[in-house]
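These notes concern the structure reproduced below.
The values are calculated or read from the model by the stated rules, or taken from the named source; none is laboratory data. On a predicted model such as this, the values are computed, not experimentally measured, just so you know. Don't worry about glycine lacking a Cβ; one is built from the backbone with ideal geometry, like all the others, and counts go over all protein chains shown.
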Amino acid sequence: MAVTTHPASGAALTFNSVAIGGIIDATVTLTLETTDVTEVGLLDRKYVAGIRAGSASGNIFFDKADTGQAALRTAVKSGTAAVFLWTDYSGTSYSVSALVTSFGHSIAVADVVKASFELQFVGEVTIV
């Protein structure tokens, strides 16, 4: 089986219109709750679509001078939502207002300083 790799140069993340530098990896998760509407006596469950939600998380090489990383740190302290824009290697973009729910960095012997972040989406995701 052939393994397909994709250049990272085509991918980009921005928060509050500022590019986030040093991206190692990132994930966007979109979810849809369902509600059970099975009537008594039926043998098969029935569901209807419920509330949608989404989140994003990622790992980065920490850079105190990076303005995108600074925007994430500032947002987690202020509790203010801003526009998060994710463009993947194929050119597909996800745009949504998001709250930064965590930003942390760690250090280890014989390693570079890395950081992680988590965002909670607070509105409808626009996919282009």
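Among the residues of the stretch 26-49, those identified as part of a strand (DSSP E or B) and either over 21 Å from the mean Cα position of the chain (by Cα) or among the hydrophobic types (A, V, I, L, M, F, W, C) (or both) are ALA26, VAL28, LEU30, LEU32, THR34, THR35, ASP36, TYR47, VAL48, ALA49.
Considering only the stretch 97-112, I want to know if a residue exists there that is modelled with pLDDT of 95 or more and in contact with a Phe, Trp or Tyr (Cβ under 6 Å, 6 or more places away or on another chain). Yes, the stretch 97-112 has at least one match. Restricting the stretch 50-59 to residues that are without any contact (Cβ under 8 Å) to a residue 60 or more places away in the chain and within 16 Å of GLU118 (Cα to Cα), the residue that is nearest to the chain's Cα centre (by Cα) is GLY58. When restricted to residues that are surrounded by fewer than 16 Cβ atoms within 10 Å (Cβ to Cβ) and under 21 Å from VAL122 (Cβ atoms), the stretch 20-32 contains 5. If only residues of the stretch 98-128 that are within 11 Å of PHE62 (Cβ to Cβ), touching a residue at least 24 places away in the same chain (Cβ under 8 Å) and not polar (S, T, N, Q) are counted, the one that is surrounded by the fewest Cβ atoms within 10 Å (Cβ to Cβ) is VAL112.
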